[in-house]
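The values are calculated or read from the model by the stated rules, or taken from the named source; none is laboratory data. Keep in mind that this is a model prediction, so the values were computed, not measured. Cβ atoms come from the backbone with ideal geometry, glycine included; neighbour counts cover every protein chain shown.
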Amino acid sequence: MLRLQGPPFTLRFVNESSTVMVTLQYFDGCPNWRQTLSVLHSIASADPGVEIQTERVDTPESAEERCFRGSPTVLINQNDPFADEGLPVGLTCRLYPTPTGIAGSPTADQLRQAIASARHHG
């Protein structure tokens, strides 16, 4: 597909098979999901091959059905690149190891790397 971007307008060929779907799973009581969503929107604005959707998890039953390991959870092409099978399933806040220590969400660089890896590995 050919897309025009600009101004100034540039032509960019976008290979549809390189589109990456990012799903942000969250629950309303999580203090970190909005910041994570903001970072994801910033990444997507610079990369038209990234599509973002959100998925609210609002009951313990839906958390169990989705194997939801805390908020925010970032799924890339339906896979959790930050998976830790030791994390409990449920409506909890999730923590991520980052280069500067434990944080409430992955860094922008960690998210970019996970998206690039998903794109490369199809």
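Quick one: is Ser17 modelled with pLDDT of 95 or more and polar (S, T, N, Q)?
Numbers: modelled with pLDDT of 95 or more: no; polar (S, T, N, Q): yes.
For Ser17, the condition - modelled with pLDDT of 95 or more and polar (S, T, N, Q) - is not met.
Looking at Ser105, Ser117, which one is closer than 23 Å to Asp47 by Cβ and surrounded by fewer than 19 Cβ atoms within 10 Å (Cβ to Cβ)? Exactly one residue qualifies, and that residue is Ser117. Taken over the stretch 64-75, the residue count meeting the criterion of being of a type outside the set (A, V, I, L, M, F, W, C) and surrounded by 18 or more Cβ atoms within 10 Å (Cβ to Cβ) is 5.
Checked against (1) under 23 Å from Gly29 (Cβ atoms); (2) surrounded by 15 or more Cβ atoms within 10 Å (Cβ to Cβ); (3) not aliphatic (A, V, I, L, M), Glu61 passes all but a single condition, namely (2). Looking at the structure I just gave you, is Ser62 modelled with pLDDT of 95 or more, in a loop (DSSP other than H, G, I, E, B) and hydroxyl-bearing (Ser, Thr, Tyr)? Judged against the criteria, Ser62 is not a match. If the condition is being assigned to a loop (DSSP other than H, G, I, E, B), within 16 Å of the chain's Cα centre (by Cα) and not basic (Lys, Arg), then the stretch 75-106 contributes Asn77, Gln78, Asp80, Pro81, Phe82, Ala83, Asp84, Leu95, Gly104, Ser105, Pro106.
For the stretch 34-46, indicate whether the set of residues that are assigned to a loop (DSSP other than H, G, I, E, B), in contact with a strand residue (DSSP E or B) (Cβ under 7 Å, 6 or more places away or on another chain) and not aromatic (Phe, Trp, Tyr) is non-empty. No, because not a single residue in the stretch 34-46 is assigned to a loop (DSSP other than H, G, I, E, B), in contact with a strand residue (DSSP E or B) (Cβ under 7 Å, 6 or more places away or on another chain) and not aromatic (Phe, Trp, Tyr).
So is Gln78 surrounded by 13 or more Cβ atoms within 10 Å (Cβ to Cβ) and polar (S, T, N, Q) or not?
No: the conditions fail for Gln78.
Checking Ala114 against (1) at pLDDT below 95; (2) touching a Phe, Trp or Tyr at 6+ places or on another chain (Cβ under 9 Å): exactly one of these is not met. Which one? The number of the failed condition is (1).
Only one of Pro97, Pro48 is modelled with pLDDT of 95 or more and farther than 17 Å from Thr23 by Cβ; which?
Exactly one residue qualifies, and that residue is Pro97.
Taken over the stretch 81-98, the criterion of being exposed (fewer than 15 other Cβ atoms within 10 Å of the Cβ) and among the polar types (S, T, N, Q) is satisfied by Thr98 alone.
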